[in-house]
Amino acid sequence: MTSIESSDSLSDSLADVLAGVQRMIRRRLRAGLTEPRLRGAQIDLLRLVATRPGIRVSDAAKELYLAGNSVSTLVNQLSRAGYLRRGTDPADRRSVLLLPTEAATARLGDWAARRSALVREQVGRLTDEERAALAAALPALRSLARHLHEEVEGA
C-alpha cells in the first residue's frame with residue numbers, strides 16, 4: 001500500500017468514524033427527550049446565540065454559513081418555540097439582536113450534561129490502551145478541526 005492510499009484510507013475511515021460517533025450520540029440522546037426534537041440547524045443557532053447573546057441575524061448567518069433568510073426562518077421557528085427572543089440594537093434600531101431564553105439555556109445545559117454523561121460512560125467501557133490512544137489523538141483532532149475552520153473562514 002502506498003502512502004497516498006494509506007492517507008486516503010485514513011481520511012475516509014476518520015470521516016466515517018467521526019460521523020458515526022456523532023450520529024450515535026445524537027440518536028442516544030434523542031431517545032430520552034421529552035420535548036419536541038430540534039433540527040441540527042436550530043441547535044447550531046441556539047448554541048451560537050447562547051455563546052454570543054446579542055448577535056445580529058446577519059452575523060449569525062455568516063457564522064453558520066447560511067443565507068440570511070434561512071437564519072430568519074430558524075429565528076421565527078425558535079421564537080415560536082420559546083427558545084429565542086429578539087431585541088433591538090440601540091445603535092441601529094433596524095437591526096435585530098438575538099437572545100436566548102431561559103428555556104433555551106436550560107435545554108442546552110440539559111443536552112450538554114446528558115451528552116457528557118453518555119460519552120463518559122462509553123469511554124469508561126474502553127480499555128486503558130484505547131483511552132490512551134484517544135487522549136493521544138486529541139491534539140491531532142483539534143488541529144484538524146482548526147484547519148477546517150480556518151479554510152472555511154478564508155474562503
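The values are calculated or read from the model by the stated rules, or taken from the named source; none is laboratory data. It should be emphasised that the depicted structure is a prediction, and the values quoted were computed from it without experimental measurement. A quick note on method: Cβ atoms are made from the backbone with ideal geometry, for glycine too, and the neighbour counts reach across all protein chains shown.
Laid out as a table, the results:
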{"item": "Residue match in segment 130-141 (condition: in contact (Cβ under 8 Å) with a residue 60 or more places away in the chain and either surrounded by 10 or more Cβ atoms within 10 Å (Cβ to Cβ) or in a helix (DSSP H, G or I) (or both))", "result": "no"}
{"item": "Selected residue [touching a strand residue (DSSP E or B) at 6+ places or on another chain (Cβ under 7 Å), among the hydrophobic types (A, V, I, L, M, F, W, C) and surrounded by 12 or more Cβ atoms within 10 Å (Cβ to Cβ)] from Leu48, Leu66, Leu29", "result": "Leu48"}
{"item": "Filter result (among the small types (Gly, Ala, Ser) and in contact with a strand residue (DSSP E or B) (Cβ under 7 Å, 6 or more places away or on another chain)) within segment 72-105", "result": "Ser79, Gly87, Ser95, Ala104"}
{"item": "Tabulated pairs, segment 98-111, first among the basic types (Lys, Arg), second exposed (fewer than 15 other Cβ atoms within 10 Å of the Cβ), C-beta under 8 angstrom, 6+ apart or interchain", "result": "Arg107/Glu35"}
{"item": "Any chance Leu98 is touching a helix residue (DSSP H, G or I) at 6+ places or on another chain (Cβ under 8 Å), modelled with pLDDT of 95 or more and assigned to a strand (DSSP E or B)", "result": "yes"}
{"item": "Only one of Arg85, Arg114 that is surrounded by 12 or more Cβ atoms within 10 Å (Cβ to Cβ), touching a residue at least 40 places away in the same chain (Cβ under 8 Å), out of contact with any Phe, Trp or Tyr (no Cβ under 7 Å at 6 or more places or on another chain) and charged (D, E, K, R)", "result": "Arg114"}
{"item": "Count of residues meeting criterion [part of a helix (DSSP H, G or I) and either more than 16 Å from Ala112 (Cβ to Cβ) or in contact with a His (Cβ under 8 Å, 6 or more places away or on another chain) (or both)] in segment 46-71", "result": "12"}
